[in-house]
Amino acid sequence: MNTLTPTAGYIVEVQYWEQPDQNTTRSFIDADLLTARQAAFHYAQTLAVKKSPAEVLTVEIHLVEFNNGQAETPFLAQVFKRRFHRSKRVLEPDTYTLNLTMEVSPEFDQLESPLALTIDPTAVDEAVETPEAIFDNVSGLVIEYEYYRSYGHPPGFGYAIVGILGPGDQHLLDQVVSEEGDADAAMTELVKRQKQTRFKLGLRLSFMLYDALGYAASLIGQYNNEYAATGEHLAFSVEFMPID
């Protein structure tokens, strides 16, 4: 029977869209868990810098426990996921051909026709394309912090309290005022809608490693710049809390 205590560490999973034979997974283990984390992130950043301008690269970093050198599943938390897009146009399209079978009228034989489906993997970054995706990623950072705290690992310089303020607070206020007319009634309705929005997204107050704060901020910034609907935004406030 295996009685060894699992060792915490990180795994970096790398996916090259154009050259899948280069896909790789690398483990990072250190007696100081924060050192392993920093090494994993440095490795991911190095890959992103070195990738070809015509390549699409997806990197995921997971907090895991290893037993006899093997990562136990399910992984504890996904603490990073980002698709690094092309910075150079590719002349030939990324086209995948599917065989499509169609049922037609009885007087015809069954027809089989190829369907050309063009997929551009740079068009969508599923880590930041919806508010729910943002909250899922931030939740992973919360789990990471809780693991450090629960198992006595020093969480770096401190931690931050991050409060997601929700989509379009000012936009909602303007909308509600125009609907309600009365300012007091409008403010009551606004608070109600904000609570419903935050409940739906499922996260209001988070603790995370101080080192993870920049990643959380970049997720929200990318969503606001590329995916937010007109008049919508995600905002957050940060209060830095030093370690006692």
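The values are calculated or read from the model by the stated rules, or taken from the named source; none is laboratory data. No experiment lies behind these values; they were computed from the predicted model shown. So basically every Cβ, Gly included, is an ideal-geometry build from the backbone, and we count neighbours across all protein chains shown. With ligands, DNA and RNA removed, areas are computed over all heavy atoms of the protein, side chains included. Shrake-Rupley method; radii C 1.70, N 1.55, O 1.52, S 1.80 Å.
Filter segment 23-43 for residues that are out of contact with any Asp or Glu (no Cβ under 9 Å at 6 or more places or on another chain) and open to solvent by less than 80 Å² (accessible area, probe 1.4 Å); which is nearest to Phe84 (Cα to Cα)?
So the residue we want is Tyr43.
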### Search result, residues across segment 55-89 that are assigned to a loop (DSSP other than H, G, I, E, B) and open to solvent by 30 Å² or more (accessible area, probe 1.4 Å)
Asn68, Gly69, Glu72, Thr73, Pro74, Phe75, Leu76, His85, Arg86, Ser87, Lys88, Arg89
### Query
Considering only residues of segment 148-166 that are closer than 18 Å to Phe135 by Cβ and surrounded by fewer than 17 Cβ atoms within 10 Å (Cβ to Cβ), which is modelled with the highest pLDDT?
Ile161
#### Entry: Gly69, sole failed condition from (1) modelled with pLDDT under 90; (2) within 19 Å of Ala127 (Cβ to Cβ)
(2)
